[in-house]
Amino acid sequence: MKNLFYALVALLMLYFGLQNITLTGDRMQTVFAMSWLCLAIFVIGGNFAQYLYRPKQKVYSRQVKGYKQSIQKKRQRQTMR
């Protein structure tokens, strides 16, 4: 959940930063603006990728635990017969 928050903060910073960046001007300003935008896009993409591809072990462990409990209940019912 932190990664999604960080990505949204980075998007917000990009939104406000784009208002102040000019891509026209001398060469040094243009290079700085382009590199800043590239870095911002990498940060946003990395945070979204981490959010989308995070491991889902908690859900898996709950499923395994529930499966084991259901098997135990079935065995207990079979031994009571």
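Could you figure out which of (1) farther than 28 Å from Val9 by Cβ; (2) at pLDDT below 80; (3) loosely packed, with under 10 Cβ neighbours inside 10 Å isn't true of Lys58? Result: Lys58 fails condition (1) only.
Checked against (1) in contact with a Leu (Cβ under 9 Å, 6 or more places away or on another chain); (2) modelled with pLDDT of 85 or more; (3) not polar (S, T, N, Q), Leu12 meets all criteria but (1).
Checking Ala40, Ala7 one by one, the residue that is modelled with pLDDT under 85, part of a helix (DSSP H, G or I) and small (Gly, Ala, Ser) is Ala7 and no other. Answer yes or no as to whether Asn47 is assigned to a helix (DSSP H, G or I), of a type in the set (S, T, N, Q) and in contact with a Gly (Cβ under 9 Å, 6 or more places away or on another chain). Judged against the criteria, Asn47 is not a match.
For the stretch 19-28, the criterion of a residue being in a helix (DSSP H, G or I) and surrounded by 10 or more Cβ atoms within 10 Å (Cβ to Cβ) is satisfied by no position.
The values are calculated or read from the model by the stated rules, or taken from the named source; none is laboratory data. Every value quoted in this text rests on a predicted model; they were computed, and no experiment measured them. In this analysis, Cβ positions are derived from the backbone assuming ideal geometry, glycine residues included, and neighbour counts consider all displayed protein chains.
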